[in-house]
Amino acid sequence: MQIGESLKIVFKDQFSLNEEPLVVRSPGRVNIIGEHTDYNGGFVLPAAIDKAVYVAATRRNDDSIHLYSVDFAESYSTTIAEMKPTGTWSTYILGVAAQFCANGFPIGGFNLAIDGDVPIGAGLSSSAAVECAVAMALNELFELELERMELVKLAQKAEHEFAGVKCGIMDQFASVFGKKGYAMKLDCRSLEYEYVPLNLKGYKLLLLNTNVKHSLASSAYNERREQCEQGVAWIAEHHPEVKSLRDASMQMLQEHVLPKDALVYQRCKYVVGEKDRLLEGCEALQRGDLKVLGQKMFETHYGLSDDYGVSCGELDWLVSYVRDTDVVLGARMMGGGFGGCTINLVKEDKIEELVAQLKPAYEAAMGLPLSYYVATIENGTEALSGEVMMIHV
């Protein structure tokens, strides 16, 4: 049974209702290249995948919010007036509802159940998938008619203010705007974007999950953002036209950042280099040169590991293992870092053989199981079924 259909059954049982709920699906994402560039005003190249979060929801005629998570087998209740971060799964749902209220979009109480198959902590943006699913559900339930980009911005702000992670806009954008068979080249400053056909010609995107998430991930993410902002501030003292690392050059970094702080220089050097790698990698993809794209992916990984300092032993081990095989064109860590997945461009007919070699070797070296997914590129956030209706309580 499809997750959306099984969730409807859970919803009706959990809330003792017979009415059909609205069901919304919102996918996780991969990012082909362009990591940690979104909050620096740069470009990214994400795509929505076939792993998704599903929510089932109905309106209420009071201001109560009743939530249920299938994954955690937990319920949570509050009211519109009393919404606050909980430090648990409900934080991401309540954060979105709070943003609707804070921005003057009238919502009332609602019942909502959530399920999905986006692995948590794998770097596939499960939190953004939750936020975007909830944003579209509330938009539909309360007939607010907000544009998709507005939903993206509300979901991003929820991550900032309730989850406490100062993320860029890529994850929420990719979840909402995904298109089957395409990646999206997004300018994170102007929010202009174009769909790029993801024609991999006998290759597939293989995600290798380290099954580790080191505890410093969120705090280090915010710290990297602060380091980038510090670098920009030092450059702007001499070049006021520089508003983000998108505008900076290596020469500027060497002249105005390196003399002040070698570590901040390293962080900024990675970002400025990644700007060029993304544009070159995207051009390679558009002309069908997967070998060049793969090389840029490897370069990105070593930049993330050596200069940006967001990799870990498990991620580095996986990239090193596939580096010299003739079946993998490119590989790198993906997402915020300190765990999660590597994304690998692998010959389609060699995936099973590669995984059969990798699993026991990784488990022996790291003492952890290795999970894997072949990512299929799918559409973004969408309402699947249900009618907007008022539930009497």
Between VAL196 and residues 5 or more places away or on another chain, which pairs have amide H atoms under 5 Å apart, with H built 1.01 Å from N, and which residues are they?
ALA183, MET184, LYS185
Output for the stretch 81-214 (equivalent-ellipsoid semi-axes, sqrt of 5λ from the C-alpha gyration tensor, Å, descending) is 27, 19, 13
Just order 126-139, 306-319, 239-252, 74-87 by mean Cβ neighbour count inside 10 Å, highest at the front, would you?
126-139, 306-319, 239-252, 74-87
May I ask you to give the percent of accessible area on the stretch 163-221 that is carbon plus sulfur, with a probe radius of 1.4 Å?
50
Place the peptides 142-151, 60-69 in order of packing, highest mean first, counting for every residue the other Cβ atoms within 10 Å and averaging per peptide.
60-69, 142-151
How far, in degrees from 0 to 90, does helix 217-236 lean away from the longest principal axis of the Cα atoms of the chain, to the nearest 10?
60
Translational diffusion of the stretch 264-393, µm² s⁻¹ [Kirkwood Rh, Cα pairs; Stokes-Einstein; 25 °C; 0.890 mPa s]:
146
When averaged across all projection directions, what area in nm² does the alpha-carbon convex hull of the chain cover?
19.5
Can you list the residues, at least 5 places off or on another chain, whose amide H is less than 5 Å from the amide H of MET334, using H built in the peptide plane?
CYS341, ILE343
List, largest first, the extents of the alpha carbons of the stretch 29-103 along their principal axes, each in whole Å.
44, 28, 23
Could you tell me the distance between the Cα centroids of the stretch 306-355 and the stretch 141-167, to the nearest Å?
31
To test your reading of the geometry: what angle, between 0 and 90 degrees and rounded to tens, separates the Cα axis of helix 126-141 from the longest principal axis of the chain?
40
What number comes out for accessible area per residue over the stretch 18-142 if the probe is 1.4 Å? Units Å², please.
28
Let me understand the stretch 270-309 better: what is its radius of gyration from the alpha carbons, and its Dmax, in angstrom?
10.2, 32
Where a ≥ b ≥ c are root eigenvalues of the Cα gyration tensor, a/c under 1.5 meaning rounded, otherwise prolate if a/b exceeds b/c and oblate otherwise, the stretch 238-308 counts as oblate
May I ask you to evaluate 6.51 cos²θ - 1.76 cosθ + 1.60, the Karplus curve with θ = phi - 60°, for each residue of the stretch 266-278 and list the ³J(HN,Hα) values in order in whole Hz, giving x for glycine and proline?
4, 4, 5, 4, 4, 5, 5, x, 5, 4, 6, 4, 5
Over all pairs of different Cα atoms in the stretch 66-107, the reciprocal of the mean inverse distance gives a Kirkwood radius in Å of 10.8
Computed ³J(HN,Hα) along the stretch 61-67: with the Karplus parameters 6.51/-1.76/1.60, θ = phi - 60°, integer Hz and x for glycine or proline, the list is 9, 10, 9, 7, 10, 10, 10
Karplus-derived HN-Hα couplings along the stretch 165-181 (A = 6.51, B = -1.76, C = 1.60, θ = phi - 60°), whole Hz, x at Gly and Pro
10, 7, 6, x, 9, 4, 4, 5, 4, 4, 5, 7, 9, x, 9, 3, x
Which of the residue pairs LYS296/LYS347; LYS51/LYS269; LYS269/LYS350; LYS179/LYS213; LYS153/LYS179; LYS185/LYS260 have a Cα-Cα distance greater than 24 Å in the structure shown?
LYS51/LYS269; LYS269/LYS350; LYS179/LYS213; LYS185/LYS260
What angle, in degrees between 0 and 90 and rounded to the nearest 10, separates the Cα long axis of helix 351-366 from the longest principal axis of the Cα atoms of the chain?
80
List the extent of the Cα atoms of the stretch 1-126 along each of their three principal axes, largest first, rounded to whole Å.
45, 38, 23
Please list the non-local residues whose amide H lies under 5 Å from the amide H of ASP50, H modeled 1.01 Å from N, same-chain partners needing a gap of 5 or more.
THR376, GLU378
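The values are calculated or read from the model by the stated rules, or taken from the named source; none is laboratory data. Keep in mind the model is a prediction, meaning the values are calculated, not measured. Note that we place each Cβ from the backbone using ideal geometry, even for glycine, and neighbour counts take in every protein chain shown. Ligands, DNA and RNA are stripped out before the accessible areas are found, and what is left, the full protein with its side chains, is counted by its heavy atoms. Shrake-Rupley method; radii C 1.70, N 1.55, O 1.52, S 1.80 Å.
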